[in-house]
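Structure record follows, encoded as structure tokens.
The values are calculated or read from the model by the stated rules, or taken from the named source; none is laboratory data. Everything quoted here is computed from the prediction, not taken from an experiment. Every residue, glycine as well, gets a Cβ built from its backbone with ideal geometry; the counts of neighbours run over all protein chains shown.
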Amino acid sequence: MTTPNKISITDWDIEDRPREKLISKGRLNLSNSELIAILISSGNRKETAVELAKRILQSKDNNLNELGKMSVADLTKFNGVGEAKAVSIIAALELGRRRKEELVPVLKPIKSSRDAYLQILNVFEGLPHEEFWVLCLSRANKVLFKKQISKGGVSGTIADIKIIFKNAIEQLSSAIIVVHNHPSGQLKPSQSDIQLTRKITETGKIMDIPLLDHLIVTDSGYYSFADEGML
């Protein structure tokens, strides 16, 4: 049985071609798969760029956040996606994440756990591994500085208390908030999370730089040690 020839995007009506559609109708009128098709430019022998883009998206349940977690190795498993195309997709999604991060007002005072969560959320979006960050605060609880303390694997990362407070002292911080993510989606703190929080709390008392909160962030929300009475 013969396989019917693939219809090329160049055979489509001009208004249906992703690039031409973006120019004539604007970016808001393109689907996610059409935008990705522009990035990858071409498909393979059996699929157009749009069809290939749809299949890539479907592999992640059409979730762009999950797509953002894919590595070059993950993407190049798809027939028609080489290293250059994979890098283009990853770079575009990272630019989108950074654009969102720049929209967050850095100097907004932290008045609640949610304020802190919104200040740091974009750092963790799409990460397939754990990272540990510190927010250094002024006397008015404005964010002076935020810094990655450590980066680990899927199941954990090690945070050095000395490095946390070194950054806090250098920024003349009046208080700190620490944040790490759980790529697994589990919001409940582990025993090591609890022990580390206690150590940071005790060190903060000695250094006169109190720990105001420790947040655990996932794609679905966050856990606050302060809100749960764990500090």
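In the range 80-97, which residues are farther than 17 Å from Ser31 by Cβ and in contact with a helix residue (DSSP H, G or I) (Cβ under 8 Å, 6 or more places away or on another chain)? Answer for the range 80-97, where residues must be farther than 17 Å from Ser31 by Cβ and in contact with a helix residue (DSSP H, G or I) (Cβ under 8 Å, 6 or more places away or on another chain): Gly80, Val81, Glu83, Lys85, Ala86, Val87, Ser88, Ile90, Arg97.
Cβ-Cβ distances below 9 Å connect the following pairs, each with a first residue in the range 129-141 that is more than 19 Å from Ile163 (Cα to Cα), a second residue that is crowded, with 23+ Cβ neighbours inside 10 Å, and a separation of six or more residues or different chains: His129/Asn181.
Just one of the numbered conditions (1) among the hydroxyl-bearing types (Ser, Thr, Tyr); (2) out of contact with any helix residue (DSSP H, G or I) (no Cβ under 9 Å at 6 or more places or on another chain); (3) more than 21 Å from Leu211 (Cβ to Cβ) is not true of Thr76: (2).
Here is the figure for the range 193-220: residues that are outside any helix (DSSP H, G or I), without any contact (Cβ under 8 Å) to a residue 60 or more places away in the chain and surrounded by fewer than 19 Cβ atoms within 10 Å (Cβ to Cβ) total 4. Of the strands (runs of 3 or more DSSP E) lying entirely inside the range 129-188, the ones with 2 or more residues being of a type outside the set (A, V, I, L, M, F, W, C), in the same structural domain as Val217 (by TED's automatic domain parsing) and loosely packed, with under 15 Cβ neighbours inside 10 Å are found at 143-151.
Scanning the range 32-65 for residues that are of a type outside the set (S, T, N, Q), part of a helix (DSSP H, G or I) and without any contact (Cβ under 8 Å) to a residue 12 or more places away in the chain yields a count of 1. Quick check on Leu93: is it free of Cβ contacts under 8 Å to residues at least 40 places away in the same chain and over 11 Å from the mean Cα position of the chain (by Cα)? So Leu93 does not fit the description; no. Restricting the range 40-73 to residues that are surrounded by fewer than 17 Cβ atoms within 10 Å (Cβ to Cβ) and closer than 14 Å to Arg17 by Cα leaves a set whose member that is nearest to the chain's Cα centre (by Cα) is Ser41. Quickly run through the range 74-90 and pick out the residues that are aliphatic (A, V, I, L, M) and buried (at least 17 other Cβ atoms within 10 Å of the Cβ). Passing the criteria: Leu75, Val81, Ala86, Ile89, Ile90.
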